[in-house]
1. Does segment 27-43 contain any residue that is more than 16 Å from the ligand (Cβ to nearest atom), over 25 Å from Pro138 (Cβ atoms), buried (at least 20 other Cβ atoms within 10 Å of the Cβ) and modelled with pLDDT of 95 or more?
2. Output the number of residues of segment 39-54 satisfying the condition of being within 16 Å of the chain's Cα centre (by Cα) and outside any helix (DSSP H, G or I).
3. Restricted to segment 147-179, and to residues that are free of Cβ contacts under 8 Å to residues at least 12 places away in the same chain and not aliphatic (A, V, I, L, M), which residue is nearest to Thr111 (Cα to Cα)?
4. Given (1) in contact with a Lys or Arg (Cβ under 9 Å, 6 or more places away or on another chain); (2) more than 28 Å from Trp167 (Cα to Cα); (3) not small (Gly, Ala, Ser), where does Asn5 come up short, assuming only one miss?
5. Quick check, is Leu82 under 18 Å from the mean Cα position of the chain (by Cα) and either part of a strand (DSSP E or B) or under 29 Å from Lys48 (Cβ atoms) (or both)?
6. Hand me the list of strands (runs of 3 or more DSSP E) wholly inside segment 97-213 holding 1 or more residues that are at pLDDT 95 or above and either surrounded by 11 or more Cβ atoms within 10 Å (Cβ to Cβ) or more than 16 Å from the ligand (Cβ to nearest atom) (or both).
7. Condition first: crowded, with 21+ Cβ neighbours inside 10 Å and among the hydroxyl-bearing types (Ser, Thr, Tyr). Now tell me which residues in segment 44-80 satisfy that.
8. Starting from residues that are of a type in the set (S, T, N, Q) and more than 16 Å from the ligand (Cβ to nearest atom), keep the ones in segment 5-26 and report whichever is nearest to the chain's Cα centre (by Cα).
Amino acid sequence: MRKSNLRLSQVALNLAAGNLGAADRRMGIWTYGCNLACLGCTSAHTWKEPTAGKVLSVQTLISIAKKHDVNGLTISGGEPSLQWKQILLLVKEFKRMYPAREVGLYTGLTTDEFKSRCPELMNWLDVLISGPYITNLPPTPLTGSSNQEVVLITDLGKRLYQGWPEWPMNQLQIVAQRSNYAQRLTTVGIPDNRRISKALQMIDVNVVTKSWE
Ligand code: SF4
């Protein structure tokens, strides 16, 4: 893979305020690949087939951001730090265009592990949400489990995320993805897994686990 290409499981537009970030109309990208294997991971499809996912260039992602005039960038995974060099290129270009728009990143590493793996990237983020997912801990408005840390790095991050623990819980959005071969719906956000399990027991669902056709 070229060094300016990212392997992704998903790109989503129009992320709502409070759903994985602060500003309305953000772009979200979900990187492919993770080696942490948290029990109960809801994104296991992003690391079980290493060559799956879709490869997009940093330039293509910047073009999408420009075309839709997105109001921020949220990066999740998978484990984004595995592709940190490409993400650094993306974030630098995004901040060059939109210095006052937020960039947030979710990692399964602890904050110290993330800083030591990709210190330069840390300098370009407004917010880092860090730590592994622990299935038996309750979620918060921004994290899947309460052990995960929300690190407000810049003044912009501190201003936009002020009072985040009081934000509404379990915001979910449906993302429609279309390819040459299929259409699929996914959800983005912090789900209430107990309620989703109950709902799935009540309806007959054909669950599609493959991300890209
Ligand atoms: S870090 Fe995230 S993607 Fe990786 S296994 Fe844990 S929950 Fe899943």
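The values are calculated or read from the model by the stated rules, or taken from the named source; none is laboratory data. All values derive from a computational prediction rather than experimental measurement. Ideal geometry is used to build each Cβ from the backbone, glycine not excepted, and the neighbour counts take in all protein chains shown.
1. Taking segment 27-43 first, the residues more than 16 Å from the ligand (Cβ to nearest atom) are 27.
When the remaining residues are screened for being over 25 Å from Pro138 (Cβ atoms), the result is 27.
Filter again for buried (at least 20 other Cβ atoms within 10 Å of the Cβ), leaving 27.
If we keep only those that are modelled with pLDDT of 95 or more as well, we get 27.
Yes, some residue in segment 27-43 is more than 16 Å from the ligand (Cβ to nearest atom), over 25 Å from Pro138 (Cβ atoms), buried (at least 20 other Cβ atoms within 10 Å of the Cβ) and modelled with pLDDT of 95 or more.
2. To start, the set of residues in segment 39-54 that are within 16 Å of the chain's Cα centre (by Cα) comprises 41-47, 53-54.
Then drop every residue that is not outside any helix (DSSP H, G or I), which leaves 41-43, 47, 53-54.
Summing the residues that are within 16 Å of the chain's Cα centre (by Cα) and outside any helix (DSSP H, G or I) in segment 39-54 gives 6.
3. To start, the set of residues in segment 147-179 that are free of Cβ contacts under 8 Å to residues at least 12 places away in the same chain comprises 155, 158-159, 162-163, 176, 178.
Those left that are additionally not aliphatic (A, V, I, L, M): 155, 158-159, 162-163, 178.
On the way: Asp155: 18, Lys158: 17, Arg159: 21, Gln162: 20, Gly163: 21, Arg178: 35 Å.
Among them, the one singled out is Lys158.
4. For Asn5, the exception is condition (1).
5. Numbers: under 18 Å from the mean Cα position of the chain (by Cα): yes; either part of a strand (DSSP E or B) or under 29 Å from Lys48 (Cβ atoms) (or both): yes.
It is true that Leu82 is under 18 Å from the mean Cα position of the chain (by Cα) and either part of a strand (DSSP E or B) or under 29 Å from Lys48 (Cβ atoms) (or both).
6. Values: elements: 102-107, 127-130, 149-152, 172-178, 183-189.
Once the strands (runs of 3 or more DSSP E) in segment 97-213 are filtered for at least 1 residues that are at pLDDT 95 or above and either surrounded by 11 or more Cβ atoms within 10 Å (Cβ to Cβ) or more than 16 Å from the ligand (Cβ to nearest atom) (or both), what remains is 102-107, 127-130, 149-152.
7. Result: Thr46, Thr74, Ser76.
8. Let us first name the residues in segment 5-26 that are of a type in the set (S, T, N, Q), namely 5, 9-10, 14, 19.
Subsequent filtering for residues that are more than 16 Å from the ligand (Cβ to nearest atom) retains 5, 14, 19.
Numbers: Asn5: 17, Asn14: 13, Asn19: 10 Å.
So, considering only residues that are of a type in the set (S, T, N, Q) and more than 16 Å from the ligand (Cβ to nearest atom), the one nearest to the chain's Cα centre (by Cα) is Asn19.
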